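The values are calculated or read from the model by the stated rules, or taken from the named source; none is laboratory data. The model shown is predicted, which means the values in this text are computed figures rather than measured ones. Using ideal geometry, Cβ is built from the backbone for each residue, glycine included, and neighbour counts are taken over all protein chains shown.
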Amino acid sequence: MIQFGNSKQRPIDRSGVSGATRCLAIAQLLFIACLLLPAPAKSAASETISDKKTIHFSCLAAADSRYFARLEKLYRSAFSELGYGFQMTSLTEPEILLALSKQSFDGDCARIAQYFEKFFSKHYDLLATSTFNMKVNIYGHKEIEKLDLNELNIVVQPFSGFIPKLARLYDINIVREINAPSDAWPLLQQGKVNGYLGIASLFPKDDPAVQQLNIGPEYTLSHYPVYPVLSKRFLHIKSPLERVLLRHIRSSAALERAKKNKAAKSQPLPSVSSRTIVFGCPISPNTGVFNNLVDFYSEAFERLGYKFQMIGMSRDREANELLHGMVDGSCGRINIPVTDKNPPIRVPVSISEDDFEIWSHKKGSVINTLEDIPKGSKVAYRQSLLTANEIARASHLNFIPKKVVEETLESLNQGQSDYIVDLQIQVDTSLHNISLAKPIYYRGRIGRVQVVPYLSQKRRKLLHPLTRELRTLLGGNKVWADTIYPKSQRK
């Protein structure tokens, strides 16, 4: 038995031992000691990484927000696959800057590329995989929609300087820089400012003061791709981490699309009944909006002596079945393609309203019409949104027709177009599943559209009574969405 340390074995007499023999003896002891050591555990990554190490990130998002939960889940899954544990701590921006300057964290959950170098590049690296797109809104009362951007007087949180810089890009007057969104509410209430420019994911929509004042997003100025930051101590896992994150993000987006497609296929249509009204609706049946619309229409038709059902389906299927009389109506559309002599009938009651906007990677002055876009520019648009007359009036542009909003955004993302024209809410929703290559900027509103219900020709006798009952249910509101959702709760 080999004994180390205080051994009872007689000391070796080295007086007559040669240097070579002594070296051989030491090598043998080292070899045996190595055999006795436990073998290192293998990780899931191609590199050998200790599974006892925990990566600790700072994060600006509130710990109880959905953004924090989503990022924490994503990073924990990715680091776990690489053999690491993961923790994330919610801090304020000044706390994060101080902590990262002292290298107190192994990284940060979300940073914008344009404002990274100044603060972190000495000790941290920005990963190449964007984890989400950050939206920057102007919040205020509805009246500011009537004002041009350069007529606004706002307050901002500095956030490393990029929010004030964004405001100056649009010639917006900054009255004051504040420490927290709550500092803005008294100023808005007193009329000293008419807007607050801030990050959507950090907007405290559940704050009682926000709900009482009915403050909500009135303009979206930009969407920035956001990236995680990793300490240079972990450069050896930077590339595998980027690959794992990208795979997880794509997998999540594919799952979301599959759910959406499954909901769009929906259940088969119920049997036709003269006393039952069936509407198609291009909204997922698993959402609150869908259920609220069912309640709204059910009450209106009940007053007219009918039962009501609503079936979730894709927008194309809804249009087709409405045109052929297979459903009695639509829960809400901007328009519908007219392909025969008996088109569906528009019900003049607004379910919601949306802005028709121009977006671009290019910064610049606000554009008010298509004719204001520079000559020769490539403009991607959805075929169902622009009329032939509108395109003809802007003949100096190269229009690129697309079927869905995701295709218009991808064309902008891949440099195939210079501008896109689409609905604000559609752009917002689609950006949840698209990783931007670089920021996109709001360039102007060119119109406002209404989403209204439609009736099939076979139900045309219901047009006037249905219009009357829907308007009665709306009370003094002009738009159904305003009766259901406080402005602060909208994205």
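Remark: pairs (first residue in the range 316-335, under 13 Å from V278 (Cβ atoms); second residue of a type in the set (V, I, T); Cβ separation under 6 Å; 6+ apart in sequence or on different chains) = E321/V327; V327/V278; D328/I277; D328/V278.
Only one entry in V366, V347 is of a type outside the set (G, A, S), in the same structural domain as V427 (by TED's automatic domain parsing) and closer than 30 Å to G476 by Cβ, namely V347. Taking the criterion of being closer than 24 Å to V451 by Cα and part of a helix (DSSP H, G or I), the residues of the range 407-432 that qualify are E407, T408, L409, Q424, I425, Q426, V427, D428, T429, S430, L431, H432. Mind telling me which of the residues I144, I96, I154 ends up being surrounded by 21 or more Cβ atoms within 10 Å (Cβ to Cβ) and farther than 28 Å from L241 by Cα? Residue meeting the stated conditions: I154.
Which count do you get for residues in the range 343-398 that are more than 30 Å from Q114 (Cβ to Cβ), among the polar types (S, T, N, Q), assigned to a loop (DSSP other than H, G, I, E, B) and within 30 Å of the chain's Cα centre (by Cα)?
Residues in the range 343-398 being more than 30 Å from Q114 (Cβ to Cβ), among the polar types (S, T, N, Q), assigned to a loop (DSSP other than H, G, I, E, B) and within 30 Å of the chain's Cα centre (by Cα): 3 in total.
The condition of being surrounded by fewer than 17 Cβ atoms within 10 Å (Cβ to Cβ), free of Cβ contacts under 8 Å to residues at least 24 places away in the same chain and in the same structural domain as V404 (by TED's automatic domain parsing) holds for only one of K438, K461, that being K461. Consider A258 carefully, then state whether it is surrounded by 17 or more Cβ atoms within 10 Å (Cβ to Cβ) and at pLDDT below 85. No: the conditions fail for A258. Those residues that are within 22 Å of the chain's Cα centre (by Cα), of a type outside the set (A, V, I, L, M, F, W, C) and within 16 Å of C109 (Cβ to Cβ), I need them from the range 211-246; list them, please. Y224, P225, Y227, P228, E242, listed by residue number.
What are the residues in the range 160-194 that are in a helix (DSSP H, G or I) and within 19 Å of V210 (Cβ to Cβ), if any? I'd like the intermediate steps shown before the answer.
First pass over the range 160-194, keeping only residues in a helix (DSSP H, G or I): 160-169, 181-189.
Across the range 160-194, the qualifying residues are I163, P181, S182, D183, A184, W185, P186, L187, L188, Q189.
Quick check on my filter: what residues within the range 339-390 are under 30 Å from K461 (Cα atoms) and among the hydroxyl-bearing types (S, T, Y)? Hits for the range 339-390 are T339, S350, S352, S384, T387. Against the test of being of a type in the set (S, T, Y) and at pLDDT 95 or above, the options S456, S435, S430, S417 yield a single qualifying residue, S417.
It is to be established whether one or more residues within the range 121-133 are more than 21 Å from the chain's Cα centre (by Cα) and assigned to a strand (DSSP E or B). So far as the range 121-133 goes, yes, one or more of its residues are more than 21 Å from the chain's Cα centre (by Cα) and assigned to a strand (DSSP E or B). Residues that are part of a loop (DSSP other than H, G, I, E, B), at pLDDT 90 or above and either under 20 Å from A69 (Cβ atoms) or hydroxyl-bearing (S, T, Y) (or both) within the range 80-105 comprise Y84, L91, S104, F105, listed in sequence order.
For the range 134-158, which residues satisfy the criterion of being in contact (Cβ under 8 Å) with a residue 40 or more places away in the chain, under 19 Å from I215 (Cβ atoms) and not in a strand (DSSP E or B)? Passing the criteria: H141, K142, E143, I144, E145, L147, L149, L152, Q157. Taking every residue in the range 185-205 that is not assigned by TED's automatic domain parsing to the domain that holds V175 and pairing it with any residue that is assigned to a strand (DSSP E or B) and not acidic (D, E), at least 6 positions away or on another chain, yields no pair with a Cβ-Cβ distance below 9 Å. Condition check for A300 on (1) part of a strand (DSSP E or B); (2) under 18 Å from L463 (Cα atoms); (3) small (G, A, S): one failure, at (1).
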